[in-house]
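The values are calculated or read from the model by the stated rules, or taken from the named source; none is laboratory data. On a predicted model such as this, the values are computed, not experimentally measured, just so you know. Heads up, the Cβs are rebuilt from the backbone with ideal geometry, glycines too, and the neighbour counts pull from every protein chain shown. We work out accessible area using only protein heavy atoms, side chains counted, and drop any ligands, DNA or RNA first. Shrake-Rupley method; radii C 1.70, N 1.55, O 1.52, S 1.80 Å.
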Amino acid sequence: MTHKPSFLPFLSLVISLLLSSCTTAAATPVAVAITAPSLTPTMPPTATAVPTHTHVPTATETAVPTPTITPEATFSLLLRLTAAADTRLKAPYGLAVDSADNLYVFDAGHGRLLKFDSQGDLLAVWDQQGSGAGEFNSLGFGGIAIDAADNLFVVDNGNFRIQKFDAAGNFVTEWGSRGGGDGQFERAIGIAVDAQGNVYVTDDAKPVVQKFDNDGVFLSKFGGQGGGDGQFRHPTGIAVDMDGHIYVTDFENARVQKFDADGDFLVAWHIGENGRGIPEGIAIDAQGRVVVTNYGLGQIELFTPDGEFLARWGKRGTADDDLNRPVALAFDTAGHLYISDQANNTVQKFVLP
């Protein structure tokens, strides 16, 4: 019997070689996929450069232009005032700085006005009690403001009036009386002057801001009772920026409101962590940033002109550079920040972060 040759072994060999070739071809992309993630990623240049700051939360450190700046260079106590003319300050409130960097302090607990140079040396005292021209009757608080000509405006709330002094400290005029009408006051507290010399006054017993010309003639008012946009329950601090925007702190509504030059509402924001804070004083720095005192927590908070949070610093206490009940604020021409502390009976001067 003749046998036909078998092709099965040959076919098996071909199939085996084909399978081996397919397996080898598939292995190459798998190996690339495995090794690709082992490349070291490029880290952002600031990831390890942000310094630790003991006074400003880490979240705001990216605003510091130079990563090597130390806490001492960005926030330090320059001056601490506790007394004048051998008398300790008592519940100091209003602050203002003139064009020569002289500091004016309303020592409200003693019903007197004090003038210091930039080094803290006492230059002048107005301490006559009464209701006459240049005399004071304080309710224990009261703001002061200075215009571009260095005229000084003082809230004399126990006499329900505003007093104006010239750059030499001479009495010029006064306006106001007790009542709820236009040009009248119940508990006047905050005061500010715009670039045109108009004077704005808050009254924590009246839910409006009143506007006067430089000689005290009533011009207009804005506000109203409540918690809605443009309304107040306890207006206290007030400031005006170079564009004429008006900023008002509302103690009871725990917020800051911004208005245009005509008193029309623009925006509002709360202060304090989780929106819980007690705003009192307010000031605008040369960059247009808004600085607010948190009366309840002994802190200072910094915002953009539209209320975006930038920084928070300070702690309650009685030691140097501590704050207890910070109330009013003022900037000098170098950008240093003065803070009056009603409970610690001090005025302190800081470098702003």
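Looking at ILE278, ILE284, which one is in contact with a Gly (Cβ under 7 Å, 6 or more places away or on another chain), under 30 Å from THR318 (Cβ atoms) and open to solvent by 10 Å² or more (accessible area, probe 1.4 Å)?
Details: ILE284 fails: in contact with a Gly (Cβ under 7 Å, 6 or more places away or on another chain).
Being in contact with a Gly (Cβ under 7 Å, 6 or more places away or on another chain), under 30 Å from THR318 (Cβ atoms) and open to solvent by 10 Å² or more (accessible area, probe 1.4 Å) holds for just one of ILE278, ILE284, which is ILE278.
Which number in (1) assigned to a strand (DSSP E or B); (2) open to solvent by 40 Å² or more (accessible area, probe 1.4 Å) marks the one condition that ASP306 misses?
Going through the list (1) assigned to a strand (DSSP E or B); (2) open to solvent by 40 Å² or more (accessible area, probe 1.4 Å), ASP306 breaks only (1).
Of the numbered conditions (1) open to solvent by 40 Å² or more (accessible area, probe 1.4 Å); (2) among the hydroxyl-bearing types (Ser, Thr, Tyr); (3) within 20 Å of LEU152 (Cβ to Cβ), SER220 satisfies every one except a single condition; which is it?
(3)
For the stretch 316-348, give me each residue that is farther than 23 Å from ASP241 by Cβ and either under 13 Å from the mean Cα position of the chain (by Cα) or in a strand (DSSP E or B) (or both). Quick ask: steps written out before the conclusion?
First, pick out the residues of the stretch 316-348 that are farther than 23 Å from ASP241 by Cβ: 316-325, 341-348.
Scanning the stretch 316-348 gives ARG316, LEU323, ASP341, THR346, VAL347, GLN348.
Suppose we keep only residues that are in a loop (DSSP other than H, G, I, E, B) and in contact (Cβ under 8 Å) with a residue 40 or more places away in the chain within the stretch 115-126. Which one would you say is least open to solvent (accessible area, probe 1.4 Å)?
Ranking the qualifying residues of the stretch 115-126, first place goes to GLY120.
Determine the pairs where a residue that is in a strand (DSSP E or B), located within the stretch 88-114, has a partner that is of a type in the set (Asp, Glu) and open to solvent by less than 20 Å² (accessible area, probe 1.4 Å) with Cβ atoms under 9 Å apart, the partner being 6 or more residues away or on another chain.
PRO92/ASP107; PRO92/ASP341; TYR93/ASP107; VAL97/ASP332; LEU103/ASP332; TYR104/ASP98; LEU113/ASP107; LEU114/ASP107
Looking only at residues in the stretch 66-87 that are part of a loop (DSSP other than H, G, I, E, B) and modelled with pLDDT of 90 or more, which one is farthest from VAL125 (Cα to Cα)?
Of everything passing the filter in the stretch 66-87, THR82 is farthest from VAL125 (Cα to Cα).
Considering every residue within the stretch 236-246, establish whether at least one is in contact (Cβ under 8 Å) with a residue 40 or more places away in the chain and under 10 Å from the mean Cα position of the chain (by Cα).
So far as the stretch 236-246 goes, no, none of its residues is in contact (Cβ under 8 Å) with a residue 40 or more places away in the chain and under 10 Å from the mean Cα position of the chain (by Cα).
Looking at PHE251, is it open to solvent by 30 Å² or more (accessible area, probe 1.4 Å), among the aromatic types (Phe, Trp, Tyr) and in contact with a Ser or Thr (Cβ under 6 Å, 6 or more places away or on another chain)?
Yes.
Checking PHE265 against (1) farther than 21 Å from PHE106 by Cα; (2) surrounded by 16 or more Cβ atoms within 10 Å (Cβ to Cβ); (3) among the aromatic types (Phe, Trp, Tyr), only one condition comes out false. Which one?
(2)
Is there a residue in the stretch 245-256 that is of a type outside the set (A, V, I, L, M) and more than 20 Å from ALA328 (Cα to Cα)? So that I can check it myself, show each step before the final result.
Start the filter on the stretch 245-256 by keeping residues that are of a type outside the set (A, V, I, L, M), which leaves 245, 247, 249-253, 255.
Checking the rest, the ones that are also more than 20 Å from ALA328 (Cα to Cα) come to none.
No: the stretch 245-256 contains no residue that is of a type outside the set (A, V, I, L, M) and more than 20 Å from ALA328 (Cα to Cα).
With respect to GLY296, determine if the residue is open to solvent by less than 30 Å² (accessible area, probe 1.4 Å), touching a residue at least 12 places away in the same chain (Cβ under 8 Å) and either of a type in the set (S, T, N, Q) or touching a strand residue (DSSP E or B) at 6+ places or on another chain (Cβ under 6 Å) (or both).
Criteria not met by GLY296.
State all residues of the stretch 325-336 that are surrounded by fewer than 24 Cβ atoms within 10 Å (Cβ to Cβ) and at negative phi; if no residue qualifies, say none.
The answer is ARG325, LEU329, PHE331, ASP332, THR333, ALA334, HIS336.
Scan (1) within 24 Å of the chain's Cα centre (by Cα); (2) over 19 Å from LEU103 (Cα atoms) for the single condition THR173 breaks and write down its number.
Tallying (1) within 24 Å of the chain's Cα centre (by Cα); (2) over 19 Å from LEU103 (Cα atoms), THR173 fails exactly one: (1).
Which residues, taken from the stretch 146-163, are touching a strand residue (DSSP E or B) at 6+ places or on another chain (Cβ under 7 Å) and open to solvent by 10 Å² or more (accessible area, probe 1.4 Å)?
Matches in the stretch 146-163: ILE146, ASP147, ASN151, PHE160.
Yes or no: the stretch 230-245 includes at least one residue that is of a type outside the set (Ser, Thr, Tyr), in contact with a Pro (Cβ under 8 Å, 6 or more places away or on another chain), under 17 Å from GLY94 (Cα atoms) and open to solvent by less than 40 Å² (accessible area, probe 1.4 Å).
yes
List every residue pair whose Cβ atoms lie under 6 Å apart, where the two residues are 6 or more positions apart in sequence or sit on different chains, the first residue falls within the stretch 204-227 and is without any contact (Cβ under 8 Å) to a residue 60 or more places away in the chain, and the second residue, located anywhere, is of a type in the set (Lys, Arg).
Taking only residues 6 or more apart or on different chains, the pairs are ASP204/ARG187; ALA205/ARG187; VAL208/LYS221; GLN210/LYS221; LEU219/LYS211; SER220/LYS211.
Please go through the stretch 185-231 and pick out each residue that is closer than 15 Å to GLU174 by Cα and in contact with a Gly (Cβ under 6 Å, 6 or more places away or on another chain).
PHE185, ILE191, ASN214, PHE218
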